[in-house]
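Below is one structure; the comments refer to it alone.
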Amino acid sequence: MKLLVVGSGGREHAIAKKLLESPQVEQVFVAPGNDGMVLDGLDVVDIGISEHSALIAFAQDNGVAWTFIGPDDALAAGIVDDFNKAGLKAFGPTRLAAELEWSKDFAKEIMSKYGIPTAAYRTFSDFEKAKAYIEEQGAPIVVKADGLALGKGVVVAETAEQAVDAARDMLLDNKFGDAGARVVIEEFLEGEEFSLFAFVNGDTFYVMPPAQDHKRAYDGDKGPNTGGMGAYAPVPHLPQDVVDAAVKTIIKPVLEGMLAEGRPYLGVLYAGLILTADGPKVIEFNSRFGDPETQVILPRLTSDFAQNITALLAGETPDIIWTDKGVTLGVVVASEGYPLAYEKGVALPAKTDGDIITYYAGAKFAENSRTLLSNGGRVYMLVTTADTVQAAQDSIYSQLDYQKTAGLFYRTDIGSKALGK
Ligand code: AMP
Ligand code: GLY
């Protein structure tokens, strides 16, 4: 079987690498992929994620059995609908089902209609009304652009003035374009965050080990928000009854709700959760795998991934098996300056093998050579599985110390919350 993965980051590297491990899979294409993936025997194809017709033609010409869609913007643009119209199978939600991610207002409406625990909120398109609401509610308060804003459309405001400024940026000054034409203003929730993922077909779902991301750029959760600087799974200090409660009060009802709305969900559902004093509540839904969470979740899958997705796509029961051994932890190495301006073209250290996996994100071969150079904000990620968080940290950080590279940086505290630090 030949498969296609759409996307180019570390997430797609992890998905494609896992698919290629299946004995039934002879070739995995990744479009557009990145050159680092080539070192793992993956075939990168120079077609962008928004070129639906070219991707469809490629899948048809190359006998691709089905396609796994990685990124949110492709799903929001209806890539799955287009593949299906062409008679091709794709693993990911349709545009209407993916609205859970691409409109925060829609997600909030669904949650309120189906009684799913989340922060209290109001949606505004009029700045003066938003301002009046913020002043009435007081701070801290959270202002979110309704649409997709590359993870930058959320402002956790410590003062009412900051919140009003954020609402002004979005509603009057158009800083997020159409994504900020409406804003969701919501209650500030306090607690530890974690992510819960599930493989889904309709109202049937299979929960994955919980993971914890590290969104801020610097140690101690300081600095600007990024796509994610490291993660680990499972989360040892997260009680099983909290995960069970999240499944019962969040994952199950939202999928039943989507079915009732005539938007049956197929693909990966990502629930970004916060453990409040009243139990787990939803921060956001995403309609896809997380990056970097995927890179620490998928190495724990011991069943045949390609076989599992084939079964899900056919509406059959997949035999999904996870290891319960220790913990899988990964640290992202990024370009100095990320998530703001950064330089490209730094020569990367050799790929690790064995107990430490290297997943590439922003990496590109130098001209006429197989030397990998940095080519993006997040560059690569080292991932390992060990008995404890401490042991995993020791292993990853001694390797990172050894391969330290000028022009690149990483956080030194990934997983430390699990150690009570
Ligand atoms: P999002 O892009 O929705 O994941 O939001 C980015 C980050 O903002 C989250 O990871 C949280 O740390 C924070 N955040 C979002 N909504 C809330 C909320 N209602 N209360 C507290 N923090 C929040
Ligand atoms: N790790 C956060 C995300 O994928 O949205």
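Annotations for the structure displayed:
- For region 274-351, GluC sites (Glu not before Pro) meeting the loop criterion (DSSP other than H, G, I, E, B) and having at most 14 other Cβ atoms within 10 Å: E316, E336, E343.
- The label-point distance for A406 and K2, in a model that sets each label 7 Å from Cα toward Cβ, rounds to 4.5 nm.
- Each residue was assigned an accessible area with a 1.4 Å probe, and for T159 the value is about 50 Å².
- Linear extension gain, S416 paired with A347, 0.36 nm per residue minus alpha-carbon span: 21.9 nm
- Solvent-accessible surface (1.4 Å probe) assigned to H52 amounts to roughly 20 Å².
- Residues E21 and D387, FRET efficiency given R0 of 22 Å [Cβ-Cβ distance, rounded to 0.05]: 0.45
- The average projected area of region 173-238, computed from the convex hull of its Cα atoms over all directions, is 7.5 nm².
- Carbon/sulfur fraction of accessible area - the chain, other protein chains in place, 1.4 Å, %: 48 percent
- Expected 222 nm ellipticity per residue - DSSP helices of 4 or more, -39500 (n - 2.57), all of the chain, to 500: -7500 deg cm²/dmol
- About the centre of its Cα atoms, the chain shows a dipole size close to 280 debye [charges on the beta carbon of Lys, Arg (+1) and Asp, Glu (-1) only; nearest 20 debye].
- The residue list A311, A74, A350 was ranked by how far each Cα lies along the charge dipole of the chain toward its positive end, using unit charges on Cβ atoms, and A350 comes out on top.
- Kirkwood analysis of the chain, using all unique Cα-Cα pairs, places the hydrodynamic radius at 21.9 Å.
- Centre separation in Å (Cα based) which lies between region 59-98 and region 375-421: 34 Å
- Length released on extending from T302 to E51, taking residue separation times 0.36 nm less the Cα-Cα span: 87.0 nm
- Note on region 68-217: Kirkwood radius taken over Cα pairs, Stokes-Einstein applied at 25 °C and 0.890 mPa s, translational D equal to 145 µm² s⁻¹.
- Calculated on alpha-carbon atoms, Rg and Dmax of region 326-421 in Å: 13.8, 48
- Solvent-accessible surface of region 6-113, taken per residue with a 1.4 Å probe and all protein chains present: 35 Å².
The values are calculated or read from the model by the stated rules, or taken from the named source; none is laboratory data. Note that this is a predicted model, so its numbers are computed, not measured. Because the Cβ atoms are built from the backbone with ideal geometry, glycine has one as well, and the counts that use them run over all protein chains shown. Surface accessibility is based on the protein's heavy atoms, side chains included, excluding ligands, DNA and RNA. Shrake-Rupley method; radii C 1.70, N 1.55, O 1.52, S 1.80 Å.
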